[in-house]
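Structure first, commentary second.
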Amino acid sequence: MIKGIGHIGIGVEDIQAYLEALHRSFGVPIPSIKDIPERKSKVALVQMGPISLEVIQNDDENGLLGGFVKKHGNGIHHYCLITDDIDADIALLKSRGVKMMHEQSVVGLRDKRIAFISPDSLEGIPVELSEP
């Protein structure tokens, strides 16, 4: 069952520069950056009250996020819904005709099981399901 919004995914060209801009602008602490070389990615979570910003730099221009940043520049890429039963929610969505990018959950950048709903199903906006 969907429990609420977990984070907003932001794709950036330079994660360090973006985090420093957030710090300068809003005074938020600069979080640690997790390097994930096998995915050509760096990720940082910025807690902003009950919802976090998942800031991602992906250097794979052919990947979903790297391609997004190459085409659009820095920007909001997706939002994430927290689920307490990801497998049941994937099955429910599929039964409703919702197209999934992931037919089954996969381990995401934060080491939690996730699945993306196709942007085709939600008027062009990617939505991630994630375990808490």
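The values are calculated or read from the model by the stated rules, or taken from the named source; none is laboratory data. All values reported here derive from a predicted model rather than from experimental measurement. Backbone-built Cβ (ideal geometry, glycine too); neighbour counts: all protein chains shown.
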If you go through region 87-132, how many residues are buried (at least 17 other Cβ atoms within 10 Å of the Cβ), farther than 20 Å from Gly67 by Cα, in contact with a helix residue (DSSP H, G or I) (Cβ under 7 Å, 6 or more places away or on another chain) and among the hydrophobic types (A, V, I, L, M, F, W, C)? 1
Pull out all pairs, ordered by first then second residue, where Cβ-Cβ is under 6 Å, the residues are six or more apart or on different chains, the first lies in region 4-16 and is among the small types (Gly, Ala, Ser), and the second is outside any helix (DSSP H, G or I) and surrounded by 21 or more Cβ atoms within 10 Å (Cβ to Cβ). Gly6/Cys80; Gly9/Glu54; Gly9/His77; Gly9/His78; Gly11/Ile56; Gly11/His77
Have a look at Gly9, Gly67 and point out the one that is buried (at least 16 other Cβ atoms within 10 Å of the Cβ) and among the small types (Gly, Ala, Ser). Gly9
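One line per residue, one yes/no per condition, for (1) of a type outside the set (A, V, I, L, M); (2) under 20 Å from Tyr18 (Cα atoms); (3) in a strand (DSSP E or B); (4) more than 13 Å from the chain's Cα centre (by Cα):
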| residue | (1), (2), (3), (4) |
| --- | --- |
| His77 | yes, yes, yes, no |
| Val98 | no, no, no, yes |
| Gln104 | yes, no, no, yes |
| Asp120 | yes, no, no, yes |
Is it the case, given these coordinates, that Asp89 is of a type in the set (D, E, K, R), touching a strand residue (DSSP E or B) at 6+ places or on another chain (Cβ under 8 Å) and in a strand (DSSP E or B)? no
Consider region 70-91. How many of its residues are hydrophobic (A, V, I, L, M, F, W, C) and either farther than 11 Å from Leu129 by Cβ or modelled with pLDDT under 95 (or both)? 2
Please enumerate the residues belonging to region 12-53 that are under 21 Å from Leu81 (Cα atoms) and polar (S, T, N, Q). Gln47, Ser52
Could you check region 46-62 and list, in sequence order, the residues that are closer than 17 Å to Asp14 by Cβ and in contact (Cβ under 8 Å) with a residue 24 or more places away in the chain? Val46, Leu53, Glu54, Val55, Ile56, Gln57, Asn58
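So which residues in region 14-49 are of a type in the set (D, E, K, R) and touching an Asp or Glu at 6+ places or on another chain (Cβ under 9 Å)?
Arg39, Lys40, Lys42
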Restricting attention to region 14-64, the residues that are under 24 Å from Ile117 (Cα atoms) and either surrounded by 15 or more Cβ atoms within 10 Å (Cβ to Cβ) or of a type outside the set (S, T, N, Q) (or both) number exactly 24
Determine if region 38-57 includes at least one residue that is part of a helix (DSSP H, G or I) and either within 16 Å of Glu131 (Cα to Cα) or not aromatic (Phe, Trp, Tyr) (or both). yes
